[in-house]
Amino acid sequence: MRNGWLFAALGVVAFSAVFWAIGGTVHLGLEEHARGRYGPPDGGERYTYSLFGGGVIALGSTMFLAELRVPACKTLLLPAFGLMFGAASVLFLGQQTRHWIAACAMGITGMVITLAALRHARGSRPPTGERPPD
């Protein structure tokens, strides 16, 4: 199976699930559980499963795209899209200060990753008017 677009779509969905879970955890908050560990309160299992399951699938799809020799600038756009989705979802869940801080952090990180990908793509092309090496 050599369809890169399929793994790119899977990566976008998985990264979106990861950052949706982070937004849900910001919304619910953390509470102390047994043995001094912190985690989402009761009822936050879907966020926990999405965080870990989505993270494993996202990393797997990114590694597979790297194996297919997809340019790094295109692979970097997967977490950038997930971050933007997470920023929108955290603001959908609430409008308190903690939601705005999390959305701003996700949005800024997503923009920085996108700008880095565009800069990398521009730097990997030969200058205008010159032929690429054979």
When Ala121 is run through (1) at pLDDT below 90; (2) surrounded by 14 or more Cβ atoms within 10 Å (Cβ to Cβ); (3) within 16 Å of the chain's Cα centre (by Cα), the failure sits at (3)
Out of Ile108, Ile113, sole residue that is modelled with pLDDT under 90, closer than 14 Å to Phe19 by Cβ, of a type in the set (A, V, I, L, M, F, W, C) and assigned to a helix (DSSP H, G or I): Ile113
Any idea which of (1) out of contact with any Ser or Thr (no Cβ under 9 Å at 6 or more places or on another chain); (2) over 16 Å from Phe7 (Cβ atoms); (3) modelled with pLDDT under 90 is the one Gln96 doesn't satisfy? (3)
Would you check if there is a residue in region 34-50 being farther than 27 Å from Ala9 by Cα, touching a Leu at 6+ places or on another chain (Cβ under 6 Å) and either in a helix (DSSP H, G or I) or of a type in the set (Phe, Trp, Tyr) (or both)? yes
Cβ-Cβ below 9 Å, separation at least six or inter-chain, first residue in region 1-20 and at positive phi, second modelled with pLDDT of 85 or more and not in a helix (DSSP H, G or I): which pairs? none
Restricting attention to region 76-89, which residues are within 12 Å of Ala117 (Cα to Cα) and surrounded by 21 or more Cβ atoms within 10 Å (Cβ to Cβ)? Leu78, Pro79
Is region 58-71 home to any residue that is modelled with pLDDT of 80 or more and in contact with a Pro (Cβ under 6 Å, 6 or more places away or on another chain)? no
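Scan region 56-104 for residues that are assigned to a loop (DSSP other than H, G, I, E, B) and without any contact (Cβ under 8 Å) to a residue 40 or more places away in the chain and jot them down. Full working, then the answer.
First pass over region 56-104, keeping only residues assigned to a loop (DSSP other than H, G, I, E, B): 68-71, 76, 94-96.
Correct list: Arg69, Gln95, Gln96.
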Just to verify a result, which residue in region 1-49, among those that are exposed (fewer than 12 other Cβ atoms within 10 Å of the Cβ) and among the basic types (Lys, Arg), is modelled with the lowest pLDDT? Arg2
Out of (1) closer than 19 Å to Met106 by Cα; (2) surrounded by 14 or more Cβ atoms within 10 Å (Cβ to Cβ), what's the single condition that is false for Phe52? (2)
Does Glu67 satisfy the criteria of being exposed (fewer than 14 other Cβ atoms within 10 Å of the Cβ), charged (D, E, K, R) and under 23 Å from Thr97 (Cα atoms)? no
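The values are calculated or read from the model by the stated rules, or taken from the named source; none is laboratory data. As the structure is a computational prediction, the values presented were derived from the model and not from experiment. No Cβ is skipped: glycine too gets one built from the backbone with ideal geometry, and neighbour counts run over all protein chains shown.
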